[in-house]
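Single-structure report; data block below.
The values are calculated or read from the model by the stated rules, or taken from the named source; none is laboratory data. This structure is a prediction, so every number in the text was calculated from the model and none was measured. Heads up, the Cβs are rebuilt from the backbone with ideal geometry, glycines too, and the neighbour counts pull from every protein chain shown. With ligands, DNA and RNA removed, areas are computed over all heavy atoms of the protein, side chains included. Shrake-Rupley method; radii C 1.70, N 1.55, O 1.52, S 1.80 Å.
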Amino acid sequence: IKKRTGGPVKDCALFVEYCLRGIAQVYFQNNPLSGLLILTGMFVQSSRIAVQGLIAISAGNLTAVLMGFDHGLLSCGLFGYNSFLVGLALSTFYGPDTYYWAVVVGSIIMALFSSVLFVMLGKILAPYKTPPFTLPFNIATISFLLAMGNMNNVDMMPVRTPELPSYEVQELSGITARMFFAGAIRGVGQVFLANNIVAGCLVLAGILVCSRISAVAAFLGSVIGTGTAVLMGSPSSAIENGMYGFNSSLTLTAMLMFYAPSLGSTIIGIVAAVITVFIQMALATSLEPSGLPFMTLPFCLAALCFVVIQGTLRTVISVPLGSMTT
Amino acid sequence: IKKRTGGPVKDCALFVEYCLRGIAQVYFQNNPLSGLLILTGMFVQSSRIAVQGLIAISAGNLTAVLMGFDHGLLSCGLFGYNSFLVGLALSTFYGPDTYYWAVVVGSIIMALFSSVLFVMLGKILAPYKTPPFTLPFNIATISFLLAMGNMNNVDMMPVRTPELPSYEVQELSGITARMFFAGAIRGVGQVFLANNIVAGCLVLAGILVCSRISAVAAFLGSVIGTGTAVLMGSPSSAIENGMYGFNSSLTLTAMLMFYAPSLGSTIIGIVAAVITVFIQMALATSLEPSGLPFMTLPFCLAALCFVVIQGTLRTVISVPLGSMTT
Amino acid sequence: IKKRTGGPVKDCALFVEYCLRGIAQVYFQNNPLSGLLILTGMFVQSSRIAVQGLIAISAGNLTAVLMGFDHGLLSCGLFGYNSFLVGLALSTFYGPDTYYWAVVVGSIIMALFSSVLFVMLGKILAPYKTPPFTLPFNIATISFLLAMGNMNNVDMMPVRTPELPSYEVQELSGITARMFFAGAIRGVGQVFLANNIVAGCLVLAGILVCSRISAVAAFLGSVIGTGTAVLMGSPSSAIENGMYGFNSSLTLTAMLMFYAPSLGSTIIGIVAAVITVFIQMALATSLEPSGLPFMTLPFCLAALCFVVIQGTLRTVISVPLGSMTT
């Protein structure tokens, strides 16, 4: 744990470092260079969204500083990953490509809220040696999206039109290998809500800088999720846009982070990635009447299930939380 | 902790005292005189609703006596505050101003259930040194309101017509200062579901008898909630009726109860009060398809977030739960 | 705790025993003969559904073996009861009486998931000395049913048509004593999703083999649930089909398992059984927009409430979890 001993310039440099680490922590990487590469990917996709992500991550980290939360967590970027996603999500879900004061203000308030939620959920999950993953981001973003329904001074459309779920089977168009792999790469970028192949590649590069195993897991997880969706019969446009890749990608990466890499942990990770797709499809249906997106909730729920059970599996070895975040 | 040593008359007097303390505990005040003033406010608004509240609080406290729950909690009124609200809510949500057997029976069963929920949630939340706030009331009342949909022998309309949420922006009428402050005072009364300025003043008086800081926090919280709603663009009728005051009022009062009053805790309390409004708007939207009211769920969720994190904030000092309830 | 010391034949015999114990564990009976009688009841109702139940229970137990979960829990059948129900539920909710690959594959994946959920929830609930009851079954089954809405390669209708809840009072047809008791017996069978009087009797016989108190509680619980539904005014067809019996039956049986049988625990058990009906009606309403069945969720929620509070009731004695499962 570092202490702030330098002057204001050094403080600022440290703050920037914490923010970059926070961006990388979305994929469990504690490395500012990873964060820089991922951020570049965000600017490639949309500079407006990237800027709003930076505003939100600053708000989230500032909240931690002002409230006096644990400095060790702050310096690992753990107060940044949720708030960064809050900023990206709110600006992505606002359709027009212009800055809108309500989205900026909303990002700041929800980034603050996500930092509080991170501490709160972290405390509740501490006995189970599991972090809250991106639950704070999901809860804060869903709160704001729902709240919009009662804010007449905030003019933002819902992500989907609220409607009762339909269980009818629809005609499917075919999927080519090119569409499949484009979807798998975009899936890695979709973790940051970026529907863009270059952004996906830059995110992968960012992970690779820090850990080869994580980079392979991130891509393989996205392939597994996309493949499961093809087998179950999902719309080809959603598959091509990487919508079935990002949650499974996060799940497999997390599994090979929390369990020492081995044949056993890889198999369990693949099972968890497949179950993530089922949870995602279930959440998509149940969120339809509210018009909400599922974001990374499927990953959070699946990862929580499979990480909470650590210690009860005799076939794999779990990695202590402390040795991971340093 | 008192022992029941007297005869039946003394037992009855004690029981009445516990009920009055229970009424005051809704606002965290452990004082029978506060309870009496608040009860007077309830009778000013509607004697039928006040009587049904008294029936329910008796049922809730009797459950605790008969089941042999902890006598210390009983004597502080902690088995009363949820059941009192159950009685008020069910009789308020039943439209016509007449007694109806189903509401009376429902209040008694749900008051019993709220006492069980209080013990259960209290046990689950004990490691986090936080009480269940009014979650037992909200869960029990929502259970009964939803169950009505499958009871043909109980003829009670839903609180709102079930419909899919609309995210469209509506035309707003202006708000005057008079409407604003009427809303803020009514907000204090709305904690007890009383849409009445005199009732609101009597509730404030009841709190003032026990704690000046709580009384200021209750009113200030209501003002903050109402102000946030004005900024976000909420319908003026809801604002005037105090619908945006009561949850924030409870949150700020709770924050200055669980954290030693200081500049730091006041600022955190104000932040929590503002976030309460966002949670309230989010819940209002998500409960629309079921036609349910949000009641004091927004306060419960916000207060849980901000109270569970106690000990991680270096800027404020938390007050132990034990020293608060005596 | 037994060790696998024998050859493959003995291993298979043990595996069959664990499966039969698992079937009986749905009603808290740790006895292979009970399981055999209940399984006979399932075959009486529909051999296809019974076979799919057996496929799922094998998948659930195999998951526990392959993942290296605790062998003591496995040998008590605790990895079987949820997966058996998953198999029964998915094949029951698939309308036509034919085998369908998607249901078989879905059962196997969800049986695996239910075993993971059992370990995960068991760990979370351990401090409260309560098992997760049939929550793993309910969560896994609901996940698959919801996920169907996004699987075009799986052609299965929803259990109910998704619609917004209606709180209107409907005309009721009368109920005869014969319908009432048929409903109470069917209610015992409905725990295994069997709408069949002979199946209900065989389930009761299976429980009786292991425990007379449990058999009486199972039937009495079903009578109480059915009776409460009659008083509240539920449709007579649902009552006759045992839809109001099975959750209350499970609750009362659980209460007399977790609390030493006495007048006190019987009264609390009856209260819990009545509250189970209210929770069931509430869940039925809230699940309408998704078209989902409530299954045994009402029992899980009610039993959790009343079992978590053990130790706080001075009038009853709780039975340690360890001494129950052997």
- Item | Candidates A:L66, A:L62, A:L36 - the one that is surrounded by fewer than 19 Cβ atoms within 10 Å (Cβ to Cβ) and closer than 13 Å to A:R21 by Cα | A:L36
- Task: Could you please let me know if A:M157 is within 30 Å of B:L172 (Cα to Cα) and aliphatic (A, V, I, L, M)?
- Result: yes
- What is the one condition in (1) modelled with pLDDT under 95; (2) more than 9 Å from chain C (Cβ to nearest Cβ) that A:M232 does not satisfy? (2)
- Run B:L304 past the list (1) at the interface with another protein chain (Cβ under 8 Å from one of its Cβ atoms); (2) on the phi > 0 side of the Ramachandran plot and report the number of the one that doesn't hold. (2)
- When you go through A:Y18, A:Y27 one by one, which is the residue that is assigned to a loop (DSSP other than H, G, I, E, B) and open to solvent by less than 20 Å² (accessible area, probe 1.4 Å)? A:Y27
- Message: Tell me whether region B:54-72 contains one or more residues that are touching a residue at least 60 places away in the same chain (Cβ under 8 Å) and of a type outside the set (K, R).
- Response: yes
- Does B:A56 qualify as being crowded, with 20+ Cβ neighbours inside 10 Å, among the hydrophobic types (A, V, I, L, M, F, W, C) and out of contact with any Gly (no Cβ under 7 Å at 6 or more places or on another chain)? no
- Of the residues that make up region B:103-118, is at least one within 23 Å of B:N61 (Cβ to Cβ) and either over 20 Å from the mean Cα position of the chain (by Cα) or away from chain C (no Cβ under 14 Å) (or both)? yes
- Message: What's the total number of residues in region A:126-142 that are among the hydrophobic types (A, V, I, L, M, F, W, C) and open to solvent by 20 Å² or more (accessible area, probe 1.4 Å)?
- Response: 4
- Name the residues in region C:212-239 that are outside any helix (DSSP H, G or I) and out of contact with any helix residue (DSSP H, G or I) (no Cβ under 7 Å at 6 or more places or on another chain), would you? C:G233, C:P235
- Which of the residues spanning region C:125-137 are modelled with pLDDT of 95 or more and β-branched (V, I, T)? C:T134
- Going through (1) open to solvent by less than 50 Å² (accessible area, probe 1.4 Å); (2) touching a residue at least 40 places away in the same chain (Cβ under 8 Å); (3) farther than 30 Å from C:L231 by Cα one by one, C:F113 fails only at (2)
- For region B:247-269, what are the residues that are touching a helix residue (DSSP H, G or I) at 6+ places or on another chain (Cβ under 6 Å) and open to solvent by 10 Å² or more (accessible area, probe 1.4 Å)? B:L256, B:P261
- Message: Return the residues of region A:171-194 that are part of a loop (DSSP other than H, G, I, E, B) and open to solvent by 10 Å² or more (accessible area, probe 1.4 Å); say none if nothing qualifies.
- Response: A:E171, A:L172, A:S173, A:G174, A:I175, A:T176, A:L193
- Task: Return yes or no: is C:F294 within 21 Å of C:V26 (Cα to Cα), within 17 Å of the chain's Cα centre (by Cα), open to solvent by 20 Å² or more (accessible area, probe 1.4 Å) and within 12 Å of chain B (Cβ to nearest Cβ)?
- Result: yes
- Task: Filter region B:201-212 for residues that are touching a Gly at 6+ places or on another chain (Cβ under 7 Å) and either surrounded by fewer than 24 Cβ atoms within 10 Å (Cβ to Cβ) or farther than 16 Å from B:L85 by Cβ (or both) and give the result.
- Result: B:L202
- Note on the structure: For region A:281-291, the count of residues that are open to solvent by less than 10 Å² (accessible area, probe 1.4 Å) and more than 8 Å from chain C (Cβ to nearest Cβ) equals 1
- If we keep just the residues of region C:307-320 that are at the interface with chain B (Cβ under 8 Å from one of its Cβ atoms) and among the hydrophobic types (A, V, I, L, M, F, W, C), which is surrounded by the most Cβ atoms within 10 Å (Cβ to Cβ)? C:I309
- Task: Pull up region B:143-165, narrow it to residues that are open to solvent by 30 Å² or more (accessible area, probe 1.4 Å) and of a type in the set (A, V, I, L, M), then point me to the one that is farthest from C:L231 (Cα to Cα).
- Result: B:L164
- If you go through region A:240-270, how many residues are facing chain C (nearest Cβ under 10 Å) and either in contact (Cβ under 8 Å) with a residue 12 or more places away in the chain or assigned to a loop (DSSP other than H, G, I, E, B) (or both)? 3
- Out of (1) open to solvent by less than 20 Å² (accessible area, probe 1.4 Å); (2) at the interface with chain A (Cβ under 10 Å from one of its Cβ atoms), the one C:K123 does not meet is (1)
- Task: Filter region C:84-102 for residues that are β-branched (V, I, T) and either crowded, with 24+ Cβ neighbours inside 10 Å or within 9 Å of chain A (Cβ to nearest Cβ) (or both) and give the result.
- Result: C:V86
- Query: Taking region B:272-283, which residues are under 14 Å from A:V116 (Cβ atoms) and either modelled with pLDDT under 95 or in contact with a Phe, Trp or Tyr (Cβ under 8 Å, 6 or more places away or on another chain) (or both)?
  - Reply: B:A272, B:I275, B:T276, B:F278
- Message: If I ask for residues that are under 15 Å from C:C300 (Cβ atoms) and under 16 Å from the mean Cα position of the chain (by Cα), which ones from region C:226-264 would you list?
- Response: C:F246, C:N247, C:S248, C:S249, C:L250, C:T251, C:L252, C:T253, C:A254, C:M255, C:M257
